[in-house]
Structure formats: C-alpha cells, structure tokens
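The values are calculated or read from the model by the stated rules, or taken from the named source; none is laboratory data. This one's a predicted model, so the numbers in the text were calculated from it and none came from an experiment. Every residue, glycine as well, gets a Cβ built from its backbone with ideal geometry; the counts of neighbours run over all protein chains shown.
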Amino acid sequence: MSVQDTIREQVTSHKVVLYMKGTPQFPQCGFSSSATQMLKACGVEDLYTVNVLADAEIRQGIKEFANWPTIPQLYINGEFVGGSDIMREMYQNGELQKMLAA
C-alpha cells in the first residue's frame, strides 16, 4: 500500500481526522495545539489524529495528498477542510461547528 493509499484510507475511515505535529495530549506546535482545542470546543470526541513527526513519509505525503503545504490539516467526512488558520476562521463564524454536527 502506498502512502497516498494509507492517507486515503485514514481520511475515509474516520469522520474527523487531524494530521498534526505531536498528539492531542502533547502537541508539538502551537498550530496543532490550537486545532485540537477548537475541535474539543466543538464537542468532537471521536477524533482520529496522525502524528506526522512519527512518520516522514506521511508528513510529506499528506502535503501532496491535499496539495497543502502546512500541518495541521483537518479532514471531515473524507473532505479536506484546511489548516489551523482556516479552522479558526470557520470556528469563529460557526461554520466548523455546523460541519462537525452534520
């Protein structure tokens, strides 16, 4: 299975997937920390996270998968949502909460 196949399987097998640096308990960057805090504030309990620092192939592969250069990256129902800046904007205007509730 290729890295792209692995990523595709991860984002389609779980409702909410966050590719991040570190873990929700020990985020390794401020953007990953704020992303997990926003998801927690939205009531997400079944969050599937992938620590890109633990796998260099996934770290590079996820950037190519979404054609998005930065991490964290959020996927909801198999769809790429964006990084922490987009998440923050969506959270502030209520869009993120609506997407997660659907």
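Looking at I7, I71, can you tell me which residue is in contact with a Cys (Cβ under 9 Å, 6 or more places away or on another chain), surrounded by 16 or more Cβ atoms within 10 Å (Cβ to Cβ) and aliphatic (A, V, I, L, M)?
I71
So, restricting to strands (runs of 3 or more DSSP E) that lie completely within the stretch 47-102, which ones have at least 2 residues that are touching a strand residue (DSSP E or B) at 6+ places or on another chain (Cβ under 7 Å) and polar (S, T, N, Q)?
Of the strands (runs of 3 or more DSSP E) lying wholly inside the stretch 47-102, those with at least 2 residues that are touching a strand residue (DSSP E or B) at 6+ places or on another chain (Cβ under 7 Å) and polar (S, T, N, Q) span 47-51.
If you check every pair at least six apart or on different chains, which have Cβ atoms under 6 Å apart with a residue in the stretch 35-51 that is modelled with pLDDT of 95 or more first and a residue that is buried (at least 17 other Cβ atoms within 10 Å of the Cβ) and aromatic (F, W, Y) second?
As it stands, the answer is M38/Y91; V50/Y19, since those pairs meet every condition given.
Name the residues in the stretch 1-40 that are β-branched (V, I, T), within 17 Å of R59 (Cβ to Cβ), outside any helix (DSSP H, G or I) and in contact with a Phe, Trp or Tyr (Cβ under 9 Å, 6 or more places away or on another chain), would you?
V17 - this is the single residue of the stretch 1-40 that is β-branched (V, I, T), within 17 Å of R59 (Cβ to Cβ), outside any helix (DSSP H, G or I) and in contact with a Phe, Trp or Tyr (Cβ under 9 Å, 6 or more places away or on another chain).
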